[in-house]
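Below is one structure; the comments refer to it alone.
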Amino acid sequence: LTEIYGEGVIIPPLRLSVAGVENEELVDLLTENFRDPLSTLSDLRAQRASCKLGEERVHELARLYGTAQLLQIMQRMLDVVETAVAKLLQGLPDGVGEAEGALDDDGRGGAPTRVHARIEKRGDRLHIDLSGSDRQTAGAMNIPWASARAALVYAVRCVVAPGLGSNDGLLRVLDITAPEGTVVNPI
């Protein structure tokens, strides 16, 4: 494949539902293009329902505590995770480590695609450098930046603070280098 059209039908961002009413024409289009329409639609509906429930709970908390207080609480939650991870990192020895692996190929039958990480721990911070990873591929082996970032956060959390809540406070102690145009941050 050399262009996105080889992937199949391109569907622009559309609303699955509007004002709580599911868009039946979109559902029909999707179900005709999924291998397992029941599971996929069930997942989409569950995601929508969880977002709706989350929205309702945030509004409930804002009514209960007031918006200003709720925003302070949310900020504090980020601060607590940042402080806890920084403290845990501070307790570990400083040092540098490197690792690399390879995806089977470039997504088009070519050479393996290299992913390289260099991690330096200094004081209460981690610097993760992915610069040694291969350039983005023409095939489907690129890792979207959001996915690469999420994987890094997950790995750090598992190693450094497995029992700690997960939020973006953890990112405050990470410095991540992932140049655009690499397999871990494709353009």
Only listed residue being more than 30 Å from residue 8 (Cα to Cα) and among the basic types (Lys, Arg), chosen from 135, 149, 118, 114
118
Condition first: of a type in the set (Gly, Ala, Ser) and either under 20 Å from the mean Cα position of the chain (by Cα) or open to solvent by 60 Å² or more (accessible area, probe 1.4 Å) (or both). Can you find one or more residues in region 70-89 that meet it?
no
When region 93-134 is examined, which residues are found to be of a type in the set (A, V, I, L, M, F, W, C), surrounded by 13 or more Cβ atoms within 10 Å (Cβ to Cβ) and modelled with pLDDT of 95 or more?
115, 117, 119, 126, 128, 130
Helices (runs of 4 or more DSSP H) wholly in region 1-111 with at least 2 residues that are without any contact (Cβ under 8 Å) to a residue 60 or more places away in the chain and of a type in the set (S, T, N, Q) - which ones?
37-65, 67-90
Go through region 135-187 and give me each residue that's open to solvent by 40 Å² or more (accessible area, probe 1.4 Å), within 25 Å of residue 83 (Cβ to Cβ) and part of a helix (DSSP H, G or I).
149, 150, 151, 154, 155, 157, 158, 159, 172
Residues of region 30-66 being among the polar types (S, T, N, Q) and either more than 30 Å from residue 173 (Cβ to Cβ) or open to solvent by 90 Å² or more (accessible area, probe 1.4 Å) (or both), in sequence order, are 31, 33, 39, 40, 42, 47
Here are some conditions: (1) open to solvent by less than 60 Å² (accessible area, probe 1.4 Å); (2) within 27 Å of residue 139 (Cβ to Cβ). Residue 11 meets all but one. Which one does it not meet?
(1)
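The values are calculated or read from the model by the stated rules, or taken from the named source; none is laboratory data. What you are looking at is a predicted structure, and each value in this text was computed from that prediction instead of being measured. For neighbour counting, all protein chains shown are included, and Cβ atoms are generated from backbone atoms with ideal geometry for every residue, glycine included. Heavy atoms of the whole protein, side chains included, go into the accessibility calculation; ligands, DNA and RNA do not. Shrake-Rupley method; radii C 1.70, N 1.55, O 1.52, S 1.80 Å.
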